[in-house]
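S.K.: I have a structure I would like to understand better, so I am pasting it below and will then ask my questions one at a time.
Every number in this text was worked out from the coordinates using simple rules, so none of it is lab data. Remember, predicted model here, so these are calculated numbers, not experimental data. Here the Cβ is made from the backbone with ideal geometry for all residues, glycine too, and neighbour counts use every protein chain on show.
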Amino acid sequence: MTTMLTRNFHETVINRIRQDESFRREVFIGAVNLLLAGDIETGKASLRDYIEATMGFNHVAGALGKSTKSIQRMLSAQSNPRLENLLLLLQMLQQREGVELKVIG
């Protein structure tokens, strides 16, 4: 039962990202904020959902000159991505969303 509930929730989130521009943008911004706050696992999971619902891993990999498996691995729960790769990904996603994220103290 828990697996079905989790799967349905995941599908609901993916569908909402696809259909609601404001929600999509907030998922992306929220993912970056989670990363900055040190919740790396949840931040990467949110980025995976965002990518899955928008352009897909193949497109991201091609745009970054990486393999699809490399991008998927970078955002997996067990990974420890290189900062350079993560920043390249975030830069590309900012351009896609048309936002410029800044840290304000």
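S.K.: Output the residues belonging to the range 12-39 that are among the hydrophobic types (A, V, I, L, M, F, W, C) and part of a helix (DSSP H, G or I). Quick ask: steps written out before the conclusion?
M.R.: If we filter the range 12-39 for residues that are among the hydrophobic types (A, V, I, L, M, F, W, C), which is where we start, we get 13-14, 17, 23, 27-29, 31-32, 34-37.
Hits for the range 12-39 are Val13, Ile14, Ile17, Phe23, Val27, Phe28, Ile29, Ala31, Val32, Leu34, Leu35, Leu36.
S.K.: Then there's this: Of the residues that sit in the range 57-104 and are charged (D, E, K, R) and outside any loop (DSSP other than H, G, I, E, B), which one is surrounded by the fewest Cβ atoms within 10 Å (Cβ to Cβ)? Working first, answer last.
M.R.: Narrowing the range 57-104 to residues charged (D, E, K, R): 66, 69, 73, 82, 84, 96-97, 100, 102.
Still in the list and also outside any loop (DSSP other than H, G, I, E, B): 69, 73, 84, 96-97.
Numbers: Lys69: 10, Arg73: 13, Glu84: 8, Arg96: 16, Glu97: 16.
Only one residue tops the list, namely Glu84.
S.K.: Do we find that Thr6 is touching a residue at least 40 places away in the same chain (Cβ under 8 Å) and of a type in the set (S, T, N, Q) in this structure? Let's see the steps before the verdict.
M.R.: Details: touching a residue at least 40 places away in the same chain (Cβ under 8 Å): no; of a type in the set (S, T, N, Q): yes.
Against the criterion (touching a residue at least 40 places away in the same chain (Cβ under 8 Å) and of a type in the set (S, T, N, Q)), Thr6 does not qualify.
S.K.: Another one. Can you name every residue in the range 86-105 that is closer than 15 Å to His59 by Cβ and not polar (S, T, N, Q)?
M.R.: Leu88, Leu89, Met92, Leu93, Arg96, Glu97
S.K.: Taking the condition within 11 Å of the chain's Cα centre (by Cα), under 20 Å from Leu90 (Cβ atoms) and in contact (Cβ under 8 Å) with a residue 40 or more places away in the chain, does Leu47 pass?
M.R.: On the way: within 11 Å of the chain's Cα centre (by Cα): yes; under 20 Å from Leu90 (Cβ atoms): yes; in contact (Cβ under 8 Å) with a residue 40 or more places away in the chain: yes.
So Leu47 passes the test.
S.K.: Collect the residues in the range 25-47 that are surrounded by 18 or more Cβ atoms within 10 Å (Cβ to Cβ) and not hydrophobic (A, V, I, L, M, F, W, C), keeping them in residue-number order.
M.R.: Within the range 25-47, Gly43, Lys44, Ser46 meet the criteria.
S.K.: Run down Ser46, Ser22 and say which single residue is touching a Leu at 6+ places or on another chain (Cβ under 7 Å), within 19 Å of Glu100 (Cα to Cα) and among the hydroxyl-bearing types (Ser, Thr, Tyr).
M.R.: Only one candidate qualifies: Ser46.
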